[in-house]
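Here's the structure, in structure tokens; my notes come after.
The values are calculated or read from the model by the stated rules, or taken from the named source; none is laboratory data. Every value quoted in this text rests on a predicted model; they were computed, and no experiment measured them. Using ideal geometry, Cβ is built from the backbone for each residue, glycine included, and neighbour counts are taken over all protein chains shown. Heads up: the accessible areas ignore ligands, DNA and RNA and are worked out on the full protein's heavy atoms, side chains in. Shrake-Rupley method; radii C 1.70, N 1.55, O 1.52, S 1.80 Å.
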Amino acid sequence: MALLALTDFIFLVLAVFLLKQLFSTRPPAPYPPGPKALPLIGNVLDMPTEQEWKTFSKWGQVWGDFMSLNVLGQTLIILNSSKLAIEMLDRKSSIYSDRPFLMMAGEIVGWKDTLALTPYGDRFRSIRKMFHGAIGTKSSIARYLPVEQRETAKFLKRVLNAPHAIADHIRWTAGSIILELAYGYKVKEESDPIVNVVDQATEQFSLATAPGAFLVDVIPALRHVPEWLPGADWKKKAASWSRTLTDMVNVPLDFVQRQMAAGVAAPSITQSLLENPELTAEERSTIKWAAASLYSGGADTTVSAIYTFYLAMTLYPEVQRKAQAEIDAVVGNDRLPNHQDRQHLPYVEALVKEVLRWNPVTPLGVPHRVTEDDVHEGYYIPKGSVVITNIWQILHDPRTYSDALEFNPSRFLGAQPEQDPRSFCFGFGRRVCPGMKLADASIFISCAMSLAVFDIAKAVDACGAVLEPTVDYTSGTISHPKPFPCSIKARSLKAEALIRSAE
């Protein structure tokens, strides 16, 4: 009986969609091409369930860079080229800067208050303004570089002592840096509750915002289905994820407020914003979610990129040797590289760009939503369409990048360097990631310091057989390399001594 009630409810909602389609007015231009849609359900059965960016890339070979899908009445626009992304999301940013309404991630779990999912408007602009003042310029970033260098030096020690746990060390260090900058909080050397809860929350955000992951995003009325009905297990998951998000937002904020009340708060972005005694309740809420946005977005971006660096160095030893030779010539062997060395390390700089290009952290970005009807290149994009930019395809487009599947930093050097991937990998228009400068600095110092003291290579098993890593990435909005075997050793006794003596 319960199953019948759920089925009846779904068919009722689908009938409403069908009636809406039957009585809709004729569009002023054709929709962009795409897979043939079925009556009523559209392209629901076509939607990929993992690594969607690769499916969209394959479809692009058939239907071109500009595609459309219909999922139960919702129009999805897929952009497979930088030209289209720039023309639409950058040059028409006034109507392409909104976020789609995501019932699961945004409304039910609660991520709608973070910068990533905040609708375009006054609140969005307020958070962006806070970010710009704190981490939006070179001068504002400069004050945080010593923290990055100190925590990365600690990272080297952890890796030296337990190289098999490289993924955990990367995540720990990224969390340490962002938590100190955002809240003045120094993480515990062992398991830290705040780092752990943020790790859980950001992983859940990635899963909750993946295109097509939850039917309730397409049929919002499903949120009223009771938990006990068959097929409604997602509601229990949503409730658990919401509790995790609440902890992620409130626990570090409470720490700052207690420290401020006691007069012992360390300098941080949140502390500086909360110092104003005339803040309204709304402004305090904005500060709370702005700080949470900095941590939940910035840390996970850095984690994925640095893990990709270790995977690339495992697979491309000749690139590693070339970068190490440059560091040895410029920095020497008596100290670790620092941010001031960056301008003198062009190959390492190119390597950082290639890390960001080779397997982008957010292969599809976060979807945009168009707020007005538009006609672009003769195709109709109706108001409310969800626009997905296939950043992975843009960064592997053979028209822009030669041998795009290969990891080759040299593509960014010479008389005719290829396009800097940072123009694309951090988003488009008014939705460009505000923490991009901080993330870029973190990735550089991690790569440079690691190259200076470690040799990263393929691991071998007990019988001496080489363990070949697989280039495979998780699905979701934020994509990470799947665990892979590798060997990490100090380059020399001098390098080991340098690691152990570094502060």
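So which of Ser293, Ser285, Ser272 is in contact (Cβ under 8 Å) with a residue 60 or more places away in the chain, out of contact with any Pro (no Cβ under 8 Å at 6 or more places or on another chain), open to solvent by 50 Å² or more (accessible area, probe 1.4 Å) and part of a helix (DSSP H, G or I)?
That would be Ser272, the only listed residue that is in contact (Cβ under 8 Å) with a residue 60 or more places away in the chain, out of contact with any Pro (no Cβ under 8 Å at 6 or more places or on another chain), open to solvent by 50 Å² or more (accessible area, probe 1.4 Å) and part of a helix (DSSP H, G or I).
Test Ser402 against the criterion of being of a type outside the set (Val, Ile, Thr) and outside any loop (DSSP other than H, G, I, E, B), and give yes or no.
no
Which of the following residues is touching a helix residue (DSSP H, G or I) at 6+ places or on another chain (Cβ under 8 Å), aromatic (Phe, Trp, Tyr) and assigned to a loop (DSSP other than H, G, I, E, B): Trp241, Trp228? Steps first, answer last, please.
Working: Trp241 fails: assigned to a loop (DSSP other than H, G, I, E, B).
Going through Trp241, Trp228 in turn, the sole match is Trp228.
Check the range 52-63 and report whether any residue there is in a loop (DSSP other than H, G, I, E, B) and either open to solvent by less than 40 Å² (accessible area, probe 1.4 Å) or under 10 Å from Pro33 (Cα atoms) (or both).
no
Can you spot a residue in the range 146-165 that is among the charged types (D, E, K, R), at pLDDT below 85 and farther than 30 Å from Asp46 by Cα?
Scanning the range 146-165 turns up no residue that is among the charged types (D, E, K, R), at pLDDT below 85 and farther than 30 Å from Asp46 by Cα.
Among (1) in contact with a Leu (Cβ under 9 Å, 6 or more places away or on another chain); (2) modelled with pLDDT of 95 or more; (3) surrounded by 19 or more Cβ atoms within 10 Å (Cβ to Cβ), where does Arg411 come up short?
(1)
Does Thr308 count as in a helix (DSSP H, G or I) and under 29 Å from Gly184 (Cβ atoms)?
Against the criterion (in a helix (DSSP H, G or I) and under 29 Å from Gly184 (Cβ atoms)), Thr308 does not qualify.
Which of the residues that make up the range 180-196 are within 17 Å of Ala153 (Cα to Cα) and not in a loop (DSSP other than H, G, I, E, B)?
Glu180, Leu181
Just to be sure, is Val159 touching a helix residue (DSSP H, G or I) at 6+ places or on another chain (Cβ under 8 Å), among the β-branched types (Val, Ile, Thr) and surrounded by fewer than 17 Cβ atoms within 10 Å (Cβ to Cβ)?
no
Would you please list the contacts, defined by Cβ atoms under 9 Å and residues six or more apart or on different chains, that run from a residue in the range 26-39 that is touching a residue at least 40 places away in the same chain (Cβ under 8 Å) and closer than 18 Å to Leu79 by Cα to a residue that is part of a loop (DSSP other than H, G, I, E, B) and open to solvent by 80 Å² or more (accessible area, probe 1.4 Å)?
So the pair list comes out as Pro32/Glu377.
Looking at Thr246 and the list (1) closer than 21 Å to Gly42 by Cβ; (2) open to solvent by 60 Å² or more (accessible area, probe 1.4 Å); (3) assigned to a helix (DSSP H, G or I), which single condition is not satisfied?
(1)
What is the residue count in the range 415-433 for residues that are open to solvent by less than 30 Å² (accessible area, probe 1.4 Å) and either acidic (Asp, Glu) or over 11 Å from the mean Cα position of the chain (by Cα) (or both)?
Within the range 415-433, residues that are open to solvent by less than 30 Å² (accessible area, probe 1.4 Å) and either acidic (Asp, Glu) or over 11 Å from the mean Cα position of the chain (by Cα) (or both) number 5.
Can you pull out every residue in the range 82-114 that is in contact with a strand residue (DSSP E or B) (Cβ under 8 Å, 6 or more places away or on another chain), part of a loop (DSSP other than H, G, I, E, B), open to solvent by 10 Å² or more (accessible area, probe 1.4 Å) and not charged (D, E, K, R)?
Listed by number, the residues that qualify are Pro100, Phe101.
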